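**Q** A single structure is presented below for examination.
What follows draws every value from the coordinates through simple rules; no lab data is involved. Given the structure is predicted, the values throughout are model-derived calculations rather than measurements.
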Amino acid sequence: MKNTDVTNPNFGVKSMMLTTKTAISYQRFSSGEQAKGDSERRQNNGFLAFCQAHGLTPASTMVDRGLSGFHGHHKAKGEFGRFLAALQADTLPNPKSTVLVVEAWDRLSREAPDVALATVKEILATGVSIGIVSMDTIFTVDDLDSYKLFAIIGSMIEARQSSKLKAERTRANRQRLIASGMVTKFGKKAAACPQWISVNDAGVYEFNALAEPLKAAINLAINGHGASSIKAQVPGLPPGLTGIFRQITLIGLYQYKARTGKNSRKAQGEPKPIYPPLISEDTFRRLQMALDSRKNKRGAKGVYVTNLFTDLCTDVTTGKKMMVHKWRHEVLKARKGQNIKYALVEKALLSFLKEINVKDLFPQQAKPATEEIDNRLAFLTRRLNEMKNWLSNPDYSTDTVMSAIAGLEQEKAKLSQERETIKRNSANPVTDQFADTRSVIQAIGQAKGTDLLNMRTRLKSLIRGLIKEISVHVINCTRANIKIRFVQPLERWIKIEGESSKVTLEGDYQGFREFLGEQRTA
């Protein structure tokens, strides 16, 4: 049976003994990373199989690892350059009985075709033949005057163009990474991926196993839970959770920061969309509002969230914060001897937030300036439909119509993006917060146990995103005047009388305003 195993040490022994021609293997790869792969083993096996097929005796092997054939580095500082020097010095024994074997023409050279052909002519002129494994052919000096020359030149052109295309792609990708801030101009990596993103074998960003737990943690944070509570409910989260919540990489943006001192960095350029977004911009905004509302404020401990208005209520007489104290019943403690039942304050405030009309709170804002854009978009849509019908009309030039359609499509896309930007910038986040607050207040009366705790935690977070301060003028344990200052420049008053509370509009309590030392506006 014929031996076809190229890894067998006896492979091709019989034919090698019958020939006087010797073969020198030349193997090359341009990237150091290829040394970790299969390139060298593949080229060596191809060489042995080629020798077996053509009756050559393997003599030696030259290998240039990590040297570019495109730039000629293998000739300048590699084994191939030393081989050419030996040919020029006529120190190679029996050149006419020697075959230089390469896997393909691109292993020999990826230089410009005229330069590569000159190198080939130089080798063949000494009497050395060139064996090409991929073509299963041995070329001699006589082939330079035959049709085989076309095959040689064609292969050289293909090798050169392939290398140029790869170089252009690599250069463009490097420029993109430099522009995005992912690498420096020296090719060094500027920053690691966020913890919830990994790079797959194809070099594409994708979410890893941390992404879903982090989404759950973000949802809990928006609903008013602190870091300790979140970690207790979602195991396996990384340290520094609050810092992660502040990162714009959550919405896919990357901001390159250059070192400006020993422990300081300064942002360079504008944030760029690099990563796949884990959450939407709206969710990120709500997350930041929730974090800001908890800043420098301690949450309630224990099973119940007792005080929904911790650190928000201030006694107008002393200017001090009012805290909940448990005596015969829970009271908001004001100045000495002046307390009010907390249940009445909470009931009044929640009733106010649940029943209030947001349009009465905020002046009617002008509609976003999108009417002109909407009209233009409607016109473009009609015009595009007309032009698409023209494509079937032989009286119109197809190229002209297609060019016009492309221009209109580009204008339409630009206007649509501009319209979305205007709508997003004109959105009122406080209005959305009021809607969420009302829905939670309506549902909280039916909740019990853990659901009640979660809802009150959520409500506490929403309230902190709406209300900046609550000023309380305590009359007795069941009567008080309350002024609410919202996060926007807006104030409203509530009057508590016994077990009932009455929501009033601004200016209804002249006495209360005078008590607070304010002047009534005309």
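**Q** Taking H placed 1.01 Å from N in the peptide plane, check which residues at least 5 places from SER68 or on another chain put their amide H under 5 Å from its amide H.
**A** Under 5 Å from the amide H of SER68 lie the amide H atoms of HIS73, HIS74, each far enough along the sequence or on another chain.
**Q** Let me ask something else. Assuming 0.36 nm per residue, please report the length gained on full extension of the stretch ALA112 to ILE157 beyond their Cα-Cα distance.
**A** Stretched fully, the ALA112-ILE157 segment lengthens by 15.5 nm.
**Q** What pairs in LYS215/LYS412; LYS231/LYS272; LYS341/LYS483 have C-alpha atoms more than 23 Å from each other?
**A** On the way: LYS215/LYS412 35 Å; LYS231/LYS272 31 Å; LYS341/LYS483 17 Å.
Over 23 Å apart, Cα to Cα: LYS215/LYS412; LYS231/LYS272.
**Q** Could you calculate the contour length gain from ALA267 to GLN417, that is, 0.36 nm times the residue separation minus the distance between their Cα atoms, to one decimal place in nm? The partial results should precede the final answer.
**A** Values: separation 150, 0.36 × 150 = 54.00 nm, distance 2.66 nm.
Length difference between fully extended and current span is 51.3 nm.
**Q** Oh, and also: In sequence order, what are the phi-derived ³J(HN,Hα) couplings for segment 101-106 according to the Karplus relation 6.51 cos²θ - 1.76 cosθ + 1.60 with θ = phi - 60°, rounded to whole Hz, with x for glycine and proline?
**A** For segment 101-106, the Karplus curve yields 9, 10, 5, 7, 4, 5 Hz.
**Q** Continuing with the same structure: If you plug each phi of segment 70-83 into the Karplus form 6.51 cos²θ - 1.76 cosθ + 1.60 with θ = phi - 60°, what whole-Hz ³J(HN,Hα) values come out, in order, with x for Gly and Pro?
**A** Here the 3J(HN,Hα) series is 6, 9, x, 5, 5, 7, 6, 9, x, 4, 5, x, 5, 5 Hz.
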